[in-house]
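Participant: Sharing a structure here in structure tokens format.
The values are calculated or read from the model by the stated rules, or taken from the named source; none is laboratory data. Quantities reported herein were computed from a predicted structural model and do not represent experimental measurements. We place every Cβ from the backbone using ideal geometry, glycine too, and count neighbours over all the protein chains shown.
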Amino acid sequence: MNKCSPWRLVAIVILAASLLLGPVRSGWAFFDTLTGELSLEKEKQIGEEFLLQLQQYYPLVEDPFITSYFNQLGQKLVAQMGPQPFLYKFFIVIDPSMNAFAVPGGYIFIHTGMIRMAEREGEVAAVLAHEISHVYARHMAKMMKKSRLVTAASLIGALASIFLGGALAQPLLMSSMAAGESAMLKYSRDNEEEADSLGFKWMVKAGYNPRDMVTIFSKMNKQRWLEGGKIPIYLSTHPDVDNRIVELSHQLAIHQKELPPERNSPEFQYFTIKLASLCGNPNQLLRRMTQDGLRETNDPAFQYGRALALAKLERHDEALAAFQQALRLAPDNRLIKRDLAIFYFTRNQYPEALQKLSELSQRYPQDDVVLYYLGRIYQESKKRDQALPLFEKVHKLNPAFSEVYYNLGTLYGEKGQMGLAHYYLGFHSLKVKALPTAMFHFQKALQNLSPNDSHYREVQTQLTRLEKMKVRVRN
């Protein structure tokens, strides 16, 4: 996965600088001065702005299978909390460091390096349960209210420095606020204990054994010693892990008879293999999958991994043979069938892809990955009325999968519904960092949408944000 990691220190410096200089440079003055209570609406604004800036400097995983699986895992935990004021969104940052964090407004991030450490789905769920608990308890929002930072831009900059940079960003942090102020935005022991306790509860209710919370925290602690005492970012922002492990172990002993059995989702192995195929070295993945397949000849996952690696290396005939071998071992495996259909689609073998995707969509009508690629085939075949509802459903099922914005925008444009066309293309432009183009599309959307349209207000919000960033449409 190191191959996919950005020039991390450079990104940290640029991101923190661009945000922390916000109060000085009018071009980065994203919000007005904060006054009074940090409302839920302001929390949402801070979260949205943080995501927008993070996307400018850090790559996020966009693959539909990965984002779908990860979103479903996160939403499964959120569902245990009852009605919430935020729509929680989950993102994977392509970075080898061991890190995860949450920012106000329900935005949860985890690094590929953290996922790589996990051996079971429950360990990833444990990290997510802890992070959503920080948002649920509004820990960061309460600390922000007490801090002496006066603009949302300063708050966002502080979040970037703490969660992404740690000590590396301290010079920038010191240039904009006193050391005591930055310390006020770090989780306390009480915050961590509450997030652990709540996370423990969400895990049990969702059917996970919270023992996985102890194992993943223990792995992080062990990693610190393996790296010569260097503290991973996650442990520096989430302190006192030794005592927390002791307390969690105590809770496990007390509630032992009430805990769900330890289990692992069969999809987790495919999820990690798929992630490695996207962010790792395909030759290394091929060697590992081949060796594992020789030891476990009846495990279809290793043939699946070989197929993904061979496809990445453009050894297409061998990839197809590996997919077929995986299906012989597991004829009803939805994930293998789905990726074989995607393989056909990328090879422009639409009849083969359509057959498999149609079968899968009938059996799994909520599978947003199947629906997306089925929509892509219909779009390529100019069957707009069949493609459009599929893309709308994908967007509803998986709001973190932003590539579908482009498909929705182009389809609405082809149908002459220019308000929605520009609306979706504006959001796609934000994702690809084309801010002047985003400004153009949002301006056009505002001209074409009715003020009574539910999308109208969101367009106004985006235009206000871009105007405060001094973004201009290029002639």
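Participant: In region 252-272, which residue that is among the polar types (S, T, N, Q) and crowded, with 18+ Cβ neighbours inside 10 Å is nearest to GLY207 (Cα to Cα)?
Facilitator: Among them, the one singled out is GLN269.
Table: residues versus (1) surrounded by fewer than 15 Cβ atoms within 10 Å (Cβ to Cβ); (2) part of a helix (DSSP H, G or I); (3) modelled with pLDDT of 95 or more; (4) in contact with a strand residue (DSSP E or B) (Cβ under 7 Å, 6 or more places away or on another chain).
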position	(1), (2), (3), (4)
TYR412	no, yes, yes, no
LEU420	no, yes, yes, no
TYR424	no, yes, yes, no
LEU430	no, yes, no, no
PRO436	yes, yes, no, no
GLN443	no, yes, yes, no
ARG457	yes, yes, no, no
LEU463	no, yes, no, no
LEU466	no, yes, no, no
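A quick yes/no check of all residues on (1) touching a strand residue (DSSP E or B) at 6+ places or on another chain (Cβ under 6 Å); (2) surrounded by 15 or more Cβ atoms within 10 Å (Cβ to Cβ); (3) small (Gly, Ala, Ser); (4) without any contact (Cβ under 8 Å) to a residue 24 or more places away in the chain:
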| residue | (1), (2), (3), (4) |
| --- | --- |
| ASP299 | no, yes, no, no |
| GLN303 | no, yes, no, no |
| ALA311 | no, yes, yes, no |
| GLU314 | no, no, no, yes |
| ALA319 | no, yes, yes, no |
| LEU329 | no, yes, no, no |
| ASN333 | no, yes, no, no |
| ILE342 | no, yes, no, no |
| GLN355 | no, no, no, yes |
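Participant: Next up: For ALA341, indicate whether it is of a type in the set (Gly, Ala, Ser), under 25 Å from THR112 (Cα atoms) and within 27 Å of the chain's Cα centre (by Cα).
Facilitator: Here the answer is no, as ALA341 does not meet what is asked.
Participant: Also, quick follow-up: Would you please list the contacts, defined by Cβ atoms under 8 Å and residues six or more apart or on different chains, that run from a residue in region 185-202 that is under 12 Å from ALA137 (Cβ atoms) and of a type in the set (A, V, I, L, M, F, W, C) to a residue that is modelled with pLDDT under 85 and assigned to a loop (DSSP other than H, G, I, E, B)?
Facilitator: So the pair list comes out as ALA195/TYR187.
Participant: For region 381-390, name all the residues that are touching a residue at least 12 places away in the same chain (Cβ under 8 Å) and either closer than 12 Å to LEU408 by Cα or assigned to a helix (DSSP H, G or I) (or both).
Facilitator: Matches in region 381-390: ARG384, ALA387, LEU388, LEU390.
Participant: Additional query: Checking SER361 against (1) more than 27 Å from the chain's Cα centre (by Cα); (2) small (Gly, Ala, Ser); (3) assigned to a helix (DSSP H, G or I); (4) surrounded by fewer than 21 Cβ atoms within 10 Å (Cβ to Cβ): exactly one of these is not met. Which one?
Facilitator: SER361 satisfies every listed condition except (1).
Participant: Go through (1) in a helix (DSSP H, G or I); (2) under 19 Å from THR67 (Cβ atoms); (3) not polar (S, T, N, Q) and name the single condition TYR378 misses.
Facilitator: For TYR378, the exception is condition (2).
Participant: Against the conditions (1) of a type in the set (S, T, N, Q); (2) modelled with pLDDT under 95; (3) more than 23 Å from PRO389 (Cα to Cα); (4) part of a helix (DSSP H, G or I), where does GLN447 fall short? Just the number, please.
Facilitator: (2)
Participant: Evaluate the following for PHE91: is it under 15 Å from the mean Cα position of the chain (by Cα) and assigned to a helix (DSSP H, G or I)?
Facilitator: No; evaluated as a whole, the condition is false for this residue.
Participant: Among helices (runs of 4 or more DSSP H) lying entirely in region 1-79, which contain 1 or more residues that are modelled with pLDDT under 55, within 21 Å of LEU164 (Cα to Cα) and of a type in the set (Val, Ile, Thr)?
Facilitator: Because the criterion is at least 1 residues that are modelled with pLDDT under 55, within 21 Å of LEU164 (Cα to Cα) and of a type in the set (Val, Ile, Thr), the helices (runs of 4 or more DSSP H) in region 1-79 that meet it are 8-20.
Participant: Still on this model: For region 271-297, which residues satisfy the criterion of being without any contact (Cβ under 8 Å) to a residue 24 or more places away in the chain and closer than 21 Å to ALA341 by Cβ?
Facilitator: Across region 271-297, the qualifying residue is only MET289.
Participant: Looking at SER133, is it of a type outside the set (A, V, I, L, M, F, W, C), over 17 Å from TYR69 (Cβ atoms) and either surrounded by fewer than 24 Cβ atoms within 10 Å (Cβ to Cβ) or modelled with pLDDT of 75 or more (or both)?
Facilitator: Taking the combined requirement at face value, the residue satisfies it.
Participant: Show the residue pairs that are 6+ apart or on different chains and have beta-carbon atoms under 6 Å apart, the first residue being within region 57-74 and more than 12 Å from PHE109 (Cα to Cα), the second being in a helix (DSSP H, G or I) and β-branched (Val, Ile, Thr).
Facilitator: Cβ pairs passing all conditions: TYR57/ILE14; PRO64/VAL369; PHE65/VAL369; SER68/VAL369.
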